[in-house]
Amino acid sequence: MMRILAVDPGEKRLGIALSDPSGIIANPLMVIRHITRAMDAATIAQLADEHQAGLILVGQALDEENQPSVQGRRAAKLAEAIHQQTNLPVKLWDESGSTQAARQARQALGVRRARRQGHLDEIAAAYILQTYLDAQNAA
């Protein structure tokens, strides 16, 4: 197996998660501040290299008809920009429900409401990555 780096792209911040070397468990890694698409892509490519990832996964929002939403189209452009910065494969993955799942996970961990208002980006990225890993491991 290989490590996979996942990205939850947002307008202000991008959540980053990393799988364990066996490709079974997703872990939140960090949040990076959005600067420009090209700079974000370079940072993501560098992180993938530093963590010896073999694949970069970019969360993509889809609408009710399974077509990319406005954010989904933005995610596709980010994936293309990352692809230009690295030789690693870059894959889009449906991110539906990731923010809600991240919020629920934080509630389940007993985080007080005041602290739950913080950034969910890296938890959302871990959720996106975990759904991908689960799908791969079930196949």
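The values are calculated or read from the model by the stated rules, or taken from the named source; none is laboratory data. From a predicted model like this one, the values you see are computed outputs, not experimental measurements. Neighbour counts run over all protein chains shown; Cβ positions are idealised from the backbone, glycine included.
Observations, loosely collected:
- For residue 37: the one exception among (1) touching a helix residue (DSSP H, G or I) at 6+ places or on another chain (Cβ under 7 Å); (2) closer than 22 Å to residue 130 by Cβ: (2)
- All conditions but one from (1) modelled with pLDDT under 95; (2) in a helix (DSSP H, G or I) apply to residue 39; the one that does not is (1).
- As a summary of the residue check, residue 54 satisfies the conditions (1) assigned to a strand (DSSP E or B); (2) within 13 Å of the chain's Cα centre (by Cα) except for the one numbered (2).
- Pairs where the first residue, in the range 78-97, is over 14 Å from residue 46 (Cα atoms) and in contact (Cβ under 8 Å) with a residue 60 or more places away in the chain and the second is outside any helix (DSSP H, G or I) and of a type in the set (D, E, K, R), C-beta under 8 Å, 6+ apart: 95/8
- Residue within the range 62-73 that is within 15 Å of the chain's Cα centre (by Cα), modelled with pLDDT of 95 or more, assigned to a strand (DSSP E or B) and surrounded by 13 or more Cβ atoms within 10 Å (Cβ to Cβ) present: no
- Test: residue in the range 59-73 that is among the charged types (D, E, K, R) and either closer than 13 Å to residue 8 by Cβ or touching a residue at least 40 places away in the same chain (Cβ under 8 Å) (or both): no
- Within the range 74-99, considering residues that are charged (D, E, K, R) and either at positive phi or under 12 Å from the mean Cα position of the chain (by Cα) (or both), the one surrounded by the most Cβ atoms within 10 Å (Cβ to Cβ): 95
- Residues that are among the polar types (S, T, N, Q), more than 18 Å from residue 79 (Cα to Cα) and part of a loop (DSSP other than H, G, I, E, B), drawn from the range 19-36: 22
- Pick from the range 1-10, criterion in contact with a helix residue (DSSP H, G or I) (Cβ under 8 Å, 6 or more places away or on another chain) and more than 13 Å from residue 126 (Cβ to Cβ), ranking: surrounded by the most Cβ atoms within 10 Å (Cβ to Cβ): 9
- Single residue of 16, 44 found to be surrounded by 13 or more Cβ atoms within 10 Å (Cβ to Cβ), within 11 Å of the chain's Cα centre (by Cα) and not in a strand (DSSP E or B): 44
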